[in-house]
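Undergrad: Starting off with a structure, shown below.
FYI, it's all coordinate maths here, none of it is from the lab. Just so you know, these numbers come straight off a predicted model, no measurement behind them. Positions of Cβ are backbone-derived with ideal geometry, glycine not excepted, and every protein chain shown enters the neighbour counts.
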Amino acid sequence: MSSNNILKCLIIGSGPAGYTAAIYAARADLKPVLYTGMTPGGQLTETTEVDNFPGYPKGITGPEMMEDLKAQAERFGTDVRFGMVTKADLKSDPKKVWIDDTIEISANTIIVSTGASAKWLGLENETRLRMNAGGVSACAVCDGFFFKGQEVAIVGAGDTAAEEATYLAKLCKKVYMIVRRSEMRASKAMQHRVLNTPNIEILWDSATEDVLGEKAVEGIIVKNFKTGESKKIIVTGFFVAIGHKPNTDIFKGQLDMDELGYIQVVPGSTKTNIKGVFAVGDAADKVYRQAVTAAGTGCMGALDAERYLADIGIH
Ligand code: NDP
């Protein structure tokens, strides 16, 4: 604490960006407190193998990597706490946030590393089956295994959908890819891969109208915009890969954001429009969105926070 129980550095979020910020902030003696959010470890805990994070030549699972990052942050004294920041007053001095609507925390600097979340179609039965682990997923790599030898559908036409469709095609008997336009957004190379995978059938100009099944997915209703026809397709797994939404709603009206809700930072830094508030990781990055780039900006956030504290005379 800097004074009167005011934290020198509060970190919100526990993905690679948050934990890397914590490692640097703790080693700089900022005594950081990190709130994990509802998914400690962030999006990487929903993946299996991570092969592209430097330093793991044999690859590592997402959950194991996040445990390693957490342990490293704690080794230098980061106070890691489970809890969700539900409200923030970033313009007050010191800045204030509320954890789970009750506990009030004051801090001189805040590093926002709240990441991004998968988008869903918003269909009632999609939500119900997703909540009940009934075969609706936004992560083919995490859940594809459960549908080995079965027929599944995936919605989306970006690089994620293309990558996940080809991943699923290796495990599943058949993959229906539901594309809402007559072309894909994915890179040419990814499109080529999809088009050359014999057990992927693309349903162009189509939208999912409903997901069928009481306890588990039994099929979907797909409508073709051109013919106006709706048909039932029997599948046991339903994957959604239509992009992500940054977890920044609680900062709206305070932090400058783009039209999608990604926090805007001063180029080449993690500085936001509010002095002492820094944004790192996927909450401020819609372009790269990699664990290693998130970790890199996490480091920058801690260094920016340290310099800001020195400038205002807090040591
Ligand atoms: P994108 O935003 O690029 O693509 C989302 C896709 O979902 C689009 O095809 C979009 O359709 C479709 N979509 C959106 N909403 C709906 C809806 N309600 N119903 C049906 N379809 C919908 O997201 P991605 O996650 O694919 O990619 C995000 C970023 O990450 C991109 O920059 C991508 O290049 C990158 N990426 C790179 C990878 C790699 O290089 N290996 C792997 C994965 C991602 P429409 O096209 O009609 O808008």
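Undergrad: Explain nothing, just the number: dipole magnitude of the chain about its Cα centre with +1 on each Lys and Arg Cβ and -1 on each Asp and Glu Cβ, in debye rounded to the nearest 20.
TA: That gives a dipole near 320 debye.
Undergrad: How many nm is it between the label spots at Phe145 and Asp51, if each spot is 7 Å from the Cα in line with the beta carbon?
TA: 1.6
Undergrad: May I ask you to list the aspartates and glutamates whose Cα is less than 15 Å away from that of Lys245, ignoring any residue fewer than eight positions away on the same chain?
TA: Within the straight-line limit of under 15 Å, Lys245 reaches these aspartates and glutamates: Asp258, Glu259, Asp282, Asp285.
Undergrad: Then there's this: Report, to the nearest 10°, how far helix 16-27 tilts away from the longest principal axis of the Cα atoms in the chain, using its own Cα long axis and a range of 0 to 90°.
TA: Once rounded, one gets 20 degrees.
Undergrad: Here is the link list: Lys70/Lys95; Lys119/Lys275; Lys31/Lys275. Which ones come out longer than 27 Å on Cα distance?
TA: Violating the 27 Å limit, Cα to Cα: Lys119/Lys275.
Undergrad: Could you give the angle, 0 to 90 degrees to the nearest 10, between helix 291-311's Cα long axis and the longest principal axis of the Cα atoms of the chain?
TA: Result, in degrees: 20.
Undergrad: State, as an integer percentage, the relative contact order of region 120-240 based on alpha-carbon contacts under 8 Å between residues 6 or more apart.
TA: Contact order relative to length: 31 percent.
Undergrad: If I build a Gaussian network model for the chain, linking alpha-carbon pairs within less than 10 angstrom, which residue out of Glu218, Glu229, Glu151 has the largest mean-square fluctuation?
TA: Among Glu218, Glu229, Glu151, the largest GNM mean-square fluctuation belongs to Glu229.
Undergrad: Further question on the same structure: On a full-extension model of 0.36 nm per residue, what is the gain between Asp89 and Asn5, subtracting their alpha-carbon distance, rounded to one decimal in nm?
TA: Stretched fully, the Asp89-Asn5 segment lengthens by 28.6 nm.
Undergrad: Further, regarding this structure: Residue separation times 0.36 nm, minus the C-alpha to C-alpha distance between Arg289 and Lys232: what's the value?
TA: 17.0 nm
Undergrad: Using modelled amide H (1.01 Å from N, peptide plane; none on Pro or chain starts), what sits under 5 Å from the amide H of Val277, excluding residues fewer than 5 places away?
TA: Long-range HN contacts for Val277: Ile110, Thr272.
Undergrad: Once R0 is set to 30 Å, what does the formula 1/(1 + (r/R0)^6) return for the Cβ-Cβ distance between Lys275 and Thr102, expressed as a FRET efficiency to the nearest 0.05?
TA: After rounding, the FRET efficiency stands at 0.65.
Undergrad: Count the lysine pairs in region 120-240 whose Cα atoms sit under 16 Å apart, keeping only pairs 8 or more residues apart in sequence or on different chains.
TA: Qualifying lysine pairs in region 120-240: 6.
Undergrad: For region 120-240, take every pair of Cα atoms, bin their distances at 5 Å starting from 0, and report each bin as a whole percent.
TA: Distribution as computed: 2, 13, 25, 25, 21, 11, 3, 0 percent.
Undergrad: Taking only C-alpha pairs under 8 Å that are 6+ residues apart, what is the relative contact order of the chain in percent?
TA: So the answer I get is 21 percent.
Undergrad: On full extension of the chain, what length is gained from Glu218 through Asp159, given 0.36 nm per residue of separation minus the C-alpha to C-alpha distance?
TA: 18.6 nm
Undergrad: May I ask you to derive the FRET efficiency for Asp210 and Ala118 from their Cβ-Cβ distance with R0 = 25 Å, giving the value to the nearest 0.05?
TA: According to the calculation, E is roughly 0.80.
Undergrad: Right, something else. At a 10 angstrom cut-off on C-beta neighbours, averaged per residue, how do the peptides 280-287, 7-14 rank from highest to lowest?
TA: By packing density, highest mean first, the sequence is 7-14, 280-287.
Undergrad: Rounded to the nearest 500, what is the chain's calculated 222 nm mean residue ellipticity when only DSSP H runs of at least 4 contribute -39500 (n - 2.57) each, over all residues?
TA: -8000 deg cm²/dmol
Undergrad: Angle between the Cα long axis of helix 62-75 and the longest principal axis of the chain, 0 to 90 degrees, nearest 10?
TA: 0
Undergrad: How many nm is it between the label spots at Ile202 and Arg27, if each spot is 7 Å from the Cα in line with the beta carbon?
TA: Those two pseudo-labels are separated by 4.6 nm.
Undergrad: Right, next: If R₀ is 45 angstrom, what is the calculated FRET efficiency for the pair Lys188 and Asp311, using the beta carbon separation as r and rounding to 0.05?
TA: 0.40
Undergrad: Once the dipole of the chain is set up with Lys and Arg at +1 and Asp and Glu at -1 on Cβ about the Cα centre, which of Phe76, Pro54, Ala21 lies farthest towards its positive end?
TA: Going by the Cα projections, it comes out as Pro54.
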